[in-house]
Structure formats: C-alpha cells, structure tokens
Amino acid sequence: MEKAITRFAPSPTGYIHIGNVRSAIYPYLVAHQTGGKMILRIEDTDRERYVEGATELIEDTLKWLGLDWDEGPLIGGPNEPYFQSERKDLYLKWAKKLIDEGRAYADPTPSEKIDEYRAECNAKKVPFLYRNFRPENPPEWEPGMPIRFKTIPKEYSWHDEVMGDMHTGPEVLDDIILIKKDGYPTYNFAHIVDDAEMGVTHVMRGVEYLSSTPNYLALYEAFGLDRPKLVSLPHILAPTGNKKLGKRDGAKSVTEYRDDGVLAEAMLNYLACLGWNDGTEQEIYTKDELIEKFSLDRIQNSGARYDETKLLWVNGQWIRRIFDEQGARALYDKTVNFWPETAANFPEEYRVKVLSIIYDRLKTLSDLRGMTTYFFEEPKIDLDMIFENKFLKKFSEAEIEDLLKKSIAALTEVKDWNAEKLQEALNNLLAETEKKPAELFSLIRIALSFAPFSPALNLTLEVLGREASLARLNEVARSI
C-alpha cells in the first residue's frame, strides 16, 4: 500500500470542536495505516478571526487524543514553516508564476465596483461570475493589490473517495482571489500550494468544500500538478438530525468534554465511528484497532447524527475496560482532578478502594464528585429519605429503629471486616429479621450514605470501615 501523506490544517479561530477533531482523526488513521505521515499545518491567514492561544489549544487537544503529528509546530520538519502566515513569500512566488503564464492577474477593481457588478447580475436574475467582469488590461501587480486566477471555463470530472464520481459544468468556474490585498493568500489558493510543497497525497476536509472543488481542479491543472486523493467528510448533524451541528445545539469544545470527565480513548473511539464503521457489530475500538480496520470506502456519504448519550455510553465502556484490563491504579491515574474536595484529606490508597467499588457505575469521571462524597465526609442525616423510601415507608419509626439496632448488633459481631464476612452477616440478618433484601439493605445503605446511590452494601461497609460504619448507623438510630 502506498505510504499516505495526510494533513490536518485547522484555523486558530476559537475552540476546537467535534467536527474539527474528526477531520484530524481520519488523516491520522490513514497515515499510520500505510506507514506514512500526518502533517499539522496551521491555516492562520484570516487575521481578522485569529484568536490568541487557539493554536496551543489545537496542539493540546491533539496530544490529549494521542493524535501525534509527524511534521508541524513544536517538532518541525522538512517543510517548515508550518504556519501559513509565515509562508507569504512562497504563495506570492506561485501566484506570480501564474501571472507570468497568463493564468492570473492583478485586480485593481475597488470593492464598490464589484458590488455594482453583483447588483447588476441580481437585477437581471443571472449568477454573478467575476470572470465576466475581469479587467481587460490589468496593471502590473503591486503590494496591496489582490491577485485573481484567470479561469478557463470547462467541464470537470473527478472521483471523491466518499462521494464517488463527480461532474460539473463550466458555469461553476470563476476568477477566484489567490492573494488578498493584505498580502495573505486565500484558503482556496494556499492549501493548493502547501499540499503540493509538502507532498500531500490525501486531502480530507468537510463536504462543504465540495462545491469549490472544480476551482481547485483548475488550479491543479494550471500548475501542472497531479491531483491528490480527495476525501469529502459529511457533516456531523445536530441531535435532531436535520442540520449541521453547531454551538446552539449544545455542542461543546473537545476540551470541555475532557474537563467533564470524558476519556481520550472514548472521544477518539466515538468520533472515529461517527460516520464510519467496519461492517461489523463492534463498537469499542482501541486506537491500534482503528488504525488496522479503518478504510475510506466505509465512510458513509450522508451526515452522521451527533448523540451525546452514545458518547457517554462509550465513555462508560472505556472506564470499565481500563479498570478490567489495566487495573484500578491505571484508572485512578486518570481521575486525579475529579474527586470531591474533601477526598484530598484521605490517603491515595483509600481513594483507589473507593474507585474500585464504584467505577462500574460511572458515565464520566466527574460523576465521582457526586457519587463518592459520603466516603470522605459525614453525610447530613435526612430521615425523610428513609421514611419516604418506597421500600421503607410502610414501617413505623419504632420498626425502623428496631431494624437499625439489630443491624448494628449483627455488624458489631463481625470479626474480619471484609466483603465476604460482611455479606454473611447481612444474609444472616435477613433470616433473623424476616425482611426482604430491598427493605433491610435499603435502610442500612441510606443510613450509611444518605445518597441516592451507593455500591453493593457489603463493599460500601468494607471500604468505609468498621468504626465509621457503626458510628453512622448509631447516629441515625439515635436521631429517630
């Protein structure tokens, strides 16, 4: 298989969102599958939309996901520099070559005049094409003057690796701007130059660029360049499925999901499968499995609906997988920033024990804050939680107090305070009180935690320890 040279070329104009990241995952997978390389290139020529710190955010996000680039910022490479704003002389050189060959021209037309042309076309109800108004005798180019491509209208046919065979007529070709009056190139021009200079073999980008492809093909032709493989990635759709995913649909930045406790493994897994599958029922993939199984011909050609519920399901699967395959310590290392503040007062070994009995209920790591507080601080006694519980509301206060006292007595007798012996004591207590597990165990569980959820009762008792468990039960019994 030919070694693929791919690129991820984001613009530093804000946070890096879900769609951006998927446009990095696929080039990464193709490059690594073929033993090639992925280039990171920063398309920062839109100076009005440039956001300070956005490049560092892009780099940080890619590193977090494990999408290490082979050339680009921070690591360098043979095609430096990797910021388009630092490559202005190169773009001008390529543009002047087209001028010399009669395929580009300096355009002195003021924007007000162009607006008049556009209004004229609107009035006639015909498409506005600048090629119909190009200046007859353009001047010599000078700094501050835009450079436009001189297109030759014709039909184009090409193959898109996702969309299939495509064809357009001459009506879509126009004299696009190559170099803006500020001296910076347009995206339409700069990416052609950069991809050619860097030897890119696969150009992967959003399907919104499909309509501009004929103009790109015209530039490849004018420069005598071979066409790279073109891969149009369908939109990620809003949860409703009827429009492109946007901020108004609740889409968060990737770093927000990280801060909310979504694992990098889960985010990579979910986004890779958002619009792609290998034809099997498999849903959980490691990065190595994705590299092995990914193929361009399995990318769907319609939009993929974003489903945060599915992302959280995948995250829960990965939490359990890491625990089961790598152990409690490996998972704990990922949870450092997600514990309740009071957890810092307890030894790390204790926190690992808490994680070990609760991990299988987590959807995100941030769930730890709400699910484990009672392991690190005395819960506030709320007797309504007992008397309004669906299994306990039929009992009187005297009956509840009696059950608690019998539970305290039984647990006090446990010599070896471990999960197995505690379960034996609880089973014997069930027989003694002739109560159902849902009744007796709910009472003890609530009295220990006053939380809507806790792990298996014997495990909760074991981790809390004899002294804390009995003290809490006694305090509740005295409060009734």
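The numbers here are math on the coordinates, done by the rules we state, and not lab data. Small disclaimer: the values here were computed from a predicted structure and weren't measured. Glycine gets a Cβ as well: all are built from the backbone with ideal geometry, and neighbour counts include every protein chain shown.
The charge dipole of segment 383-479, taken about its Cα centre with unit charges on the Cβ atoms of Lys, Arg (+1), Asp and Glu (-1) only, comes to about 140 debye. In a simple Cβ point-charge model (Lys, Arg +1; Asp, Glu -1; nothing else charged), segment 327-375 has a dipole of about 120 debye relative to its Cα centre. Over 30 Å apart: what share of the alpha carbon pairs of the chain falls there, rounded to a whole percent? More than 30 Å apart: 60 percent of the Cα pairs in the chain. Using 0.36 nm per residue and subtracting the Cα-Cα separation, the extra length available between E432 and D260 on full extension is 57.4 nm. Residues H17, H167, H32, ranked from the fewest to the most other C-beta atoms within 10 Å, line up as H167, H17, H32. Panel note: the C-alpha atoms of segment 87-233, placed on their principal axes, show extents of 40, 39, 23 Å (largest first).
In plain terms, the chain from E155 to E283 could stretch by 41.9 nm, reckoned as 0.36 nm per residue minus the Cα-Cα distance. Extension gain, N132-R361: 0.36 nm per intervening residue step, less the Cα-Cα distance, totals 75.9 nm. For T364, T45, the sequence from fewest to most other C-beta atoms within 10 Å is T364, T45.
Once both labels are positioned 7 Å from their Cα atoms along Cα-to-Cβ, the gap between K124 and A468 label points is 8.1 nm. Approximating the spin labels as points 7 Å out from Cα along Cα→Cβ, the K415-to-A196 distance works out to 8.6 nm.
Each peptide among 269-280, 111-122 gets the average number of other Cβ atoms lying within 10 Å of its residues, and from highest to lowest they stand as 269-280, 111-122. Here the residues K380, K243, K252, ranked from fewest to most Cβ neighbours within 10 Å of their Cβ, fall in the order K380, K243, K252.
Projected over every direction and averaged, the convex hull enclosing the alpha-carbon atoms of segment 383-479 yields 5.4 nm².
Shape verdict for segment 327-375, please, from the Cα gyration tensor: rounded (a/c under 1.5), prolate (a/b greater than b/c) or oblate. Rounded, because the longest to shortest axis ratio a/c is under 1.5.
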